[in-house]
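Nothing in this text is a laboratory measurement; each read-out follows from the coordinates by a stated rule. All figures in this text were calculated on a predicted structure; none of them were measured in a lab. Don't worry about glycine lacking a Cβ; one is built from the backbone with ideal geometry, like all the others, and counts go over all protein chains shown.
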Amino acid sequence: MSIKPDRWIREMARKHEMIRPFSAKQVKKGVSYGLSSYGYDIRVADEFKIFTNVSCSVVDPKNFDSKSFVDVKAKSILVPPNSFALARTVEYFKIPRNVLTICLGKSTYARCGIIVNVTPFEPEWEGHATLEISNTTPLPARIYANEGIAQLLFFESDEECEVSYKDKKGKYQGQRNITLARVIK
């Protein structure tokens, strides 16, 4: 990257619509979000799927039962102790063909025992990201909608990849809602 990282992200957001909506500066209301020095802090939307073990006894990624979740739309939620919730980002992403994005949880939540897990955004992946929010503590943990939840780091290659996520017709391409695990049988 030959230009300053924050300027590069701003330019990629404008040129490729890489992040929509895009906040060109860090918003420090609640848990911060928006453009930072070397990345972009994403927000969690107000739609959640909170895991419950009422209906099933096994978590099977090849046959995940949607009855294992309670759907909630709220300004904040409580993630049960030693459990997790799924959510989606406020932002919609269009990753360029020569960029890979890594997502890491924000320190504000990490310091409270809350882990955010998101797989890499591969070149030419597009959609709202589904977030997995784990509560590692023995107490309920509050998550706030429309505030920062994780930070994206962008890695630009000098060359475009041979086969992108779009080329592979990836199973999570274009997702707009919280998307459960999918396995092609």
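From the phi angles alone, apply the Karplus equation (6.51, -1.76, 1.60; θ = phi - 60°) to the stretch 154-159 and give each ³J(HN,Hα) in whole Hz, x where the residue is Gly or Pro.
10, 10, 9, 9, 6, 10
Roughly how many whole Å is it from the C-alpha centroid of the stretch 1-68 to that of the stretch 73-139?
Centre-to-centre distance over Cα atoms comes out at 6 Å.
How much net charge surrounds residue 175 when only the other residues with a Cβ under 11 Å from the Cβ of residue 175 are counted, with Lys and Arg +1 and Asp and Glu -1? Each step should come with its number before you reach the end.
Numbers: positive: 88, 171, 176, 182; negative: 126.
Net charge around residue 175: +3.
Where does the chain land at 222 nm, in deg cm²/dmol rounded to the nearest 500, when only DSSP H runs of n ≥ 4 count, each adding -39500 (n - 2.57), divided by all residues? Intermediate results must be reported in sequence, preceding the final value.
Details: 2 runs with 16 residues, N = 185.
Taken over the chain, the calculation gives -2500 deg cm²/dmol.
Between residue 160 and residue 181, what is the spin-label point distance in nm, taking each point 7 Å from the Cα along the Cα→C-beta axis?
3.4 nm
Would you grab the residues whose amide H sits under 5 Å from the one on residue 105? Only those 5+ places off in sequence or on another chain, please, with H modelled 1.01 Å from N.
Here the answer is 116, 151, since their amide H atoms fall under 5 Å of that of residue 105.
What residues have an amide H closer than 5 Å to that of residue 89, excluding those fewer than 5 places away on the same chain, when H is modeled at 1.01 Å from N in the peptide plane?
45, 129, 131
For the chain, rounded, prolate or oblate, judged on the Cα gyration tensor with a ≥ b ≥ c (square roots of eigenvalues), a/c < 1.5 rounded, else prolate if a/b > b/c?
Note, shape of the chain comes out oblate.
What's the angle, to the nearest 10 degrees (0 to 90), between helix 5-16's Cα axis and the longest principal axis of the chain?
90 degrees
Starting from the amide H of residue 141, placed 1.01 Å from N in the peptide plane, find each other amide H under 5 Å away whose residue is 5 or more places distant or on another chain.
Distant-sequence amide H within range of residue 141: 79.
With θ set to phi - 60°, apply the Karplus curve 6.51 cos²θ - 1.76 cosθ + 1.60 along the stretch 59-66 and write out the HN-Hα couplings as whole Hz, x wherever there is a Gly or Pro.
9, 10, x, 8, 8, 7, 8, 5
Starting at the first residue of the stretch 109-123, write each ³J(HN,Hα) from the Karplus equation 6.51 cos²θ - 1.76 cosθ + 1.60 with θ = phi - 60°, in whole Hz, x for Gly and Pro.
6, 4, 5, 10, x, 9, 10, 10, 10, 9, 6, x, 8, 6, x
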